[in-house]
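Single-structure report; data block below.
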Amino acid sequence: MALISLEDACEALASGSPNAALRAVQEAHETLEGVDHTAGVPVAHAARRLGVSAPTVRSWSARGALRAVPGTSPAQIEPESLRVVGRALAELRARGRDREWLRALLEELEDRAARRSAAVSEGLDQLARGELEAA
């Protein structure tokens, strides 16, 4: 029933009926609320949703970008975490097509790498202590 409601929502949106689409989505939500389901999304499904590989999802989970559902085996990803990362990834992909934004991002990353350099760090410290004058 939920699938039928979601298909109805898609058709309503396509025909320019946002109120009907909203009602259909609400029906799908009510249908799914009564269904017993797992707390998370399997890694393979998360990978498909994000357009990345399963090892990438596991890596992002290990690094904290995606939250795993505790105690699940095989591992599952928390849905809200998946939504947040999915939105961010979609925005990055869209902006990645913008050459100026991409150039600015690369320059920022290069600046961050340069600031980690011991020589640059020491120079900034000397400047802060007033031992150097800005050029």
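Nothing in this text is a laboratory measurement; each read-out follows from the coordinates by a stated rule. A quick note: this is a predicted structure, and the numbers were derived from the prediction, not measured. Heads up, the Cβs are rebuilt from the backbone with ideal geometry, glycines too, and the neighbour counts pull from every protein chain shown.
Miscellaneous remarks
- Here the contact order of region 1-96, divided by its residue count and restricted to Cα pairs under 8 Å and six or more residues apart, works out to 21 percent.
- Modelled spin-label separation between residue 88 and residue 54, with each label point placed 7 Å from Cα along the Cα-to-Cβ direction: 2.4 nm.
- For residue 104 and residue 30, the FRET efficiency from 1/(1 + (r/R0)^6), where r spans their Cβ atoms and R0 equals 41 Å, is about 0.35.
- The distance between label points at residue 80 and residue 132 comes to 4.5 nm (points 7 Å beyond Cα on the Cα→Cβ vector).
- In degrees, nearest ten, helix 99-115 long axis to first principal axis of the chain (Cα): 50
- Most fluctuating residue given options 112, 83, 63, as computed from a GNM of the chain linking Cα atoms under 10 Å: 112
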